[in-house]
Amino acid sequence: MEEEEEEEEEEEKRKCCGVLSVVIMPYLGSEDTVRELRRALTNPNVQSDLLRYRNTILKVIRAMSQGVDVSSLFSEMVKACATVDVVQKKLVYVFLCSYATLNPELSLLVINTLRKDCQDPNPMVRSLALRNMTNLRLPSLVEYVEQPLTAGLRDRAACVRRVAVLGWAKLYNLQTHSDIDAAVVNELYSLLRDTDPVVMVNCLRALDEILKEEGGVAINKPIAHHLLNRLKECDIWGQCEVLRILQRYRPQSEDELFDILSLLDASLVSPHPPVMAATLSLFLSLCPALPTVTLAALERVRAPLLATCGSASREMMFAAICHIQLLLRSLPGLMGAHYKRFFCGYAEPAYIKQRKMQVLMELVNDDNVAMILDELKGYCTDVNTDTSQAAISAIGRIGRSYSDRCLEILTGLLGLKQDHITSAVVQTMRDLVWVCPQCSDTVCLAVEGCEETLQDSQGRQALLWLLGVYGERVSSAPYTLEVFIDGVRSETSLGVKMELLTATVRVLLCRPAETQDMLGRLLHYCIEEETNMSVRDQALLYYRLLHCGIEETRKVLQGRRSDPSLGVLIGRPAEPVGQWACSFNTLAPLKQVAVETESTSRGSPEHVTFDRKPNTDLSDTLNCGQDETVHSGSDPDVLPPSPVVPLSLSLSPALSPAEFERLWLQRPHVLSEQDSVKTEEEEDYLCMEERVRCPEILHCSTQSLQAAMQLVNIQMLAFTLLFHTNRSRLGKYGLVSTKLTLHLQDVSPQYDCTGNHRRPRASSLLRLLLARSPATMSGALNPGSDTVHGHGRRLAEMSFTTA
Amino acid sequence: MISQLFILSSKGDHLIYKDFRGEAGIDVVSVFYEKVTALPGDQPPVVMSHKDLHYVHIRQGGLYWVATTTQDSSPFTIIEFLNRLAALVKDYCGSLSEKSVQMNFALIYELLDEVVDYGYVQTTSSDVLKNFIQTEAVSSKPFSLFDLSNVGLFGAETQQSKVAPSSAATRPIQSSREQGGKSQIFVDVIERLSVVIGSNGVVMKADVEGEIRVKCYMPSCSEMRIGLNEEFSIGKSQLRGYGAAVRVDECSFHQAVRLDEFDNHRILRLCPSQGEQTVMQYQLSDDLPTPPPFRLFPTIERDNGGRLLIYLKLRCDLPPKSFSQELSSPEQSCELKPQNRSVVWTVPRCTGGTQLSAVFKLEVPGLSSASMLEVGPVGLTFELPKVTATGLQIRFLRLSPVQPGPSQRWVRYVTHSDSYIVRI
């Protein structure tokens, strides 16, 4: 009795402070919450009162969505399911569907209620029951579900048919290995003619999932035409789905193709961005062979795309800008007259501003350059440093075609004496000079005196590079270097130290009198006191190099001052539409980290290709994406079969020091085993062997591989692809042993390889080896006595033993 | 195809979580929040990836609306869907905030259940959804705000929103049933202005993005006719005579709008569904019929004490009659925001044809003549009621058949500054 009273009291209390309990609940410990809820759920007083019962269930769901584990209430909730109150039913189903997989036995109790509901006269109840029956995701319940689902397909209410159709897809995915029921598939195909457009679209979706292994739903001519004719009845979501599915259909004649295209014309300029994008996607896939039609379609979507760019939803705007970037790759002139649409708004988020600047950069022409530069100039002083740096590098990029105007702006920015602006400007100037040597006079004048405002290592590295390369033209170069050398002890950045070494040696070559003494001090410090091995090794290298004589040093260090591939860079050729058509209307364009924004975080210009976009046709499997990894150097025999990874090259090989060392030591062995003749033949090239284990990529031609390599500045001399299909060991994955003989670019070794100090040192060492010409190195280090391999190895061994 | 959908508060509280396909665990929510918070700045990119899962999110009402997908789906579709979902939730809950979502979570789960099945969007039309959600409400008193306000929970809040006049349209659409007979329809002409004015006072860019939005609280409304200015024209070629034509560059309509009377009489016909929908969207670039509403005349000086003096003269070029209210003593305020390195000058109200001046004296350490270049631009944020920049007007608004009982029709005009920049 007493207990009951207590409970009553508690109930009373809870009623009074209902407000409180709702608010407080999330902060209670989850155990207390669950205990309290169970008490309430089992209380007969609560159960008899419809409203209180439902409120208690509400609390359970609330706790669930806040992340409290309420799965232990399952049996109580199953009981709550048997009710006439539809709202309560819906709430309980939300709970049951979330936790059914944890309680398969108890879920069996629900199935009877659900099956009974499937007979309910109210179509809403029927559809609800059917939907949740399939949402329980329990393979054990499949046998009970099939019959109501079959009945559901023939239900007179469209809402039940919609649910039933998708229910078959859910059922099939629960037991993927089971055979496909041909009767169901046929029924679904016939339901494509259903009067309700959503049922039709759901059939497409369901068939697509059920027939996944056969390549999805088959679209023949009658189906395609049926879908096209009913396109208008669907809402935008249905239209998108139909348009996506139709991409599979290939019209049989040109007349048919043009009929389809004219049918689709209206949706091409739809005010709904999803429909517009899906239609353009379909256009691109339908007529790859008709460039004029494609171009006309792109012209047509210009207006709706621009309208989307002005959308009130920032995210939608962003998606549109990213896709416009794709279009501009093929049609640089498409938006030229509308450049003002890409001016940044004051309160726009940084990610939109940066994308807009990238678009603006592409749109520059003689007519609008003044306006665009004026606009970009305004962004340079943006409060957000990323935005301001992106604006500065955008100006630098435009400077490749309009150098005078841009240099004027950049020089003006140096006057602000803001450290992040100065840093970005100096880096931009370095990049600009590398491509446009004619700018060097202005740049040499401008960089004088800006070392005082430079704070970050990237900016100082850029300045040192400029000083090194143009030492004879910057009058204060040795004195600026001296300031750096005096402060080298307190210098923390590895990159700056290495850049400083190179710059000083370079300045020595043109102004020996002023530099000799300080170089001595620097080398002494770096060799005797410096703890970092990369710096020490570099200092040692220069020290020995200088021993070989000034002429040898000059040969090694005075490399190019401008991009060797200059000329082809100016005015990027328009890409064929096919290059990006497959990524249109996917997430890829939104994810791409653009090349330009990266320029602020890289080392020296020589390491980076400016034009990463391939001119040759690349097969899809090969892309230079940033996020993909290279599978390199791993011993193929011990590798377990791994999921299919497309072969790709990464600009920053992620190699641990240990792995690199192992690889390196293993190399001579491999070489001698394979052919010893080669070693002698390739004196001038560093021979590197990589074993790339990847799935069979037979369709990937050597040309496309070569093109991919060129993207990362690797020239190919000899190239063999060996296919071992060692099926017994590696299952269905073929083993591709790729032997790449790499002719490395003749880049003089003035560059530290740790341009980006965040990367592990070993991987940068690899880059160092790759980036330097072994030919010049061998000449300088040990003239004529050893082969390249010996040198490379010694250098590597030296590094690793000292490390 | 959507794998999961969840709504997070700005602090990362889980408000709504629904897994449609059972492809990934619940930890995706925390993974997402970590990713969002790990990024510098509060504006993470729209699309993020973790393992094989792509996260697409939007921000509305201070909340993260996130959809995950395993396939490479169309970003337009997912973003549009999330926007539409937010609009639906706003329609059903009245307003969009952490609190309203928290209170109506059961309703939102129910909505989600009807809107998405197995990751596929089924319908987002409030006309269709009405049937499901409405029957629900009739069969048993329910789960929405009203259910909770019965308990005395949120009475205060509903009261508030009734008092505040500008939020007359921020109430749940279902309430039209409950309150019986109080049928209202709001037609809003909303224009967003983005203007760049150069330092020499020349208008460098002036764009207008406009839309006509209908918010309907009528339980049954068969047809509505909206009459626009007769001289309204689209595109450059259609200029008629010398009259004060109202012109836009591009114009698009909601698919439910019938345009048979549009060509001759500029009348839009539609049957509005309950809730909010955008009937027409239009853009105008670079050719505003009127001068921009605000002019700013800045002067910047450096005084002997190393202080920065900024004189701002703000002139409102709107015709004086456009604001009926008298300007009471302006309660202007000014605040220095060091984290943005900006000065915010707030003017509560500014009548047409008037001019306001302000002098700001800033102590800037290490002020040099070069740092003067860093000052600017000035960004203006404002809202102009009863004004459209394009001059678009609604001539009439007719409902047919004439509604039984009292019905209220409201037409409102408002111009927002999307981005109004004056260079210095």
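The values are calculated or read from the model by the stated rules, or taken from the named source; none is laboratory data. These numbers come from a predicted model, not from an experiment. Glycine also receives a Cβ, built like all others from the backbone with ideal geometry; neighbour counts cover every protein chain displayed.
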- Item | Single residue of the range A:80-108 satisfying the filter (under 15 Å from residue A:47 (Cβ atoms) and β-branched (Val, Ile, Thr)) that is modelled with the highest pLDDT | A:92
- Message: One residue is enough: does the range A:62-69 have a residue meeting the conditions in a helix (DSSP H, G or I) and away from chain B (no Cβ under 11 Å)?
- Response: no
- Query: Restricting attention to the range A:544-577, which residues are touching a Lys or Arg at 6+ places or on another chain (Cβ under 8 Å) and either modelled with pLDDT of 70 or more or more than 30 Å from residue A:362 (Cα to Cα) (or both)?
  - Reply: A:557, A:558, A:574, A:575
- Note on the structure: Exactly one of B:347, B:364 is under 22 Å from residue B:201 (Cβ atoms), out of contact with any His (no Cβ under 6 Å at 6 or more places or on another chain) and at pLDDT below 85, and that one is B:347
- Query: Of the residues that make up the range A:401-424, is at least one under 33 Å from the mean Cα position of the chain (by Cα), closer than 25 Å to residue A:334 by Cβ and not polar (S, T, N, Q)?
  - Reply: yes
- Task: Please work out if residue A:96 is part of a helix (DSSP H, G or I) and within 10 Å of chain B (Cβ to nearest Cβ).
- Result: no
- Message: Among the residues in the range A:212-235, are any part of a helix (DSSP H, G or I) and in contact (Cβ under 8 Å) with a residue 40 or more places away in the chain?
- Response: no
- Item | Sole exception among (1) assigned to a helix (DSSP H, G or I); (2) under 42 Å from the mean Cα position of the chain (by Cα); (3) within 14 Å of chain B (Cβ to nearest Cβ) for residue A:74, by number | (3)
- Give the range B:13-28 a look and list any residue that's at the interface with chain A (Cβ under 10 Å from one of its Cβ atoms) and free of Cβ contacts under 8 Å to residues at least 24 places away in the same chain, or say none. B:14, B:17, B:19, B:22, B:26
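A quick yes/no check of all residues on (1) part of a helix (DSSP H, G or I); (2) at pLDDT below 90; (3) surrounded by fewer than 22 Cβ atoms within 10 Å (Cβ to Cβ):
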residue	(1), (2), (3)
A:410	yes, no, no
A:417	no, yes, yes
A:424	yes, no, no
A:429	yes, no, no
A:441	yes, yes, yes
A:444	yes, yes, yes
- Message: Condition (residue is modelled with pLDDT under 90 and basic (Lys, Arg)) applied to the range A:350-357: is it met by at least one residue?
- Response: no
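Please give the helices (runs of 4 or more DSSP H) falling wholly within the range A:491-553 in which 1 or more residues are of a type in the set (Gly, Ala, Ser) and buried (at least 16 other Cβ atoms within 10 Å of the Cβ).
Output list reads A:494-510, A:533-547.
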- Filter the range B:29-45 for residues that are within 12 Å of chain A (Cβ to nearest Cβ) and modelled with pLDDT under 85 and give the result. B:39, B:40, B:41, B:42, B:43, B:44, B:45
- Report those helices (runs of 4 or more DSSP H) wholly inside the range A:289-402 carrying at least 3 residues which are within 19 Å of residue B:283 (Cβ to Cβ) and either at the interface with chain B (Cβ under 10 Å from one of its Cβ atoms) or without any contact (Cβ under 8 Å) to a residue 40 or more places away in the chain (or both). A:291-309, A:314-330, A:350-363
- Among the numbered conditions (1) closer than 27 Å to residue B:132 by Cβ; (2) in a strand (DSSP E or B), tell me where residue B:78 comes up short. (2)
- Residue that is crowded, with 20+ Cβ neighbours inside 10 Å and within 12 Å of another protein chain (Cβ to nearest Cβ), where the choices are A:282, A:286: A:282
- Does residue B:379 count as more than 13 Å from chain A (Cβ to nearest Cβ) and of a type outside the set (A, V, I, L, M, F, W, C)? no
- Out of (1) part of a helix (DSSP H, G or I); (2) more than 11 Å from every other protein chain (Cβ to nearest Cβ), the one residue B:86 does not meet is (2)
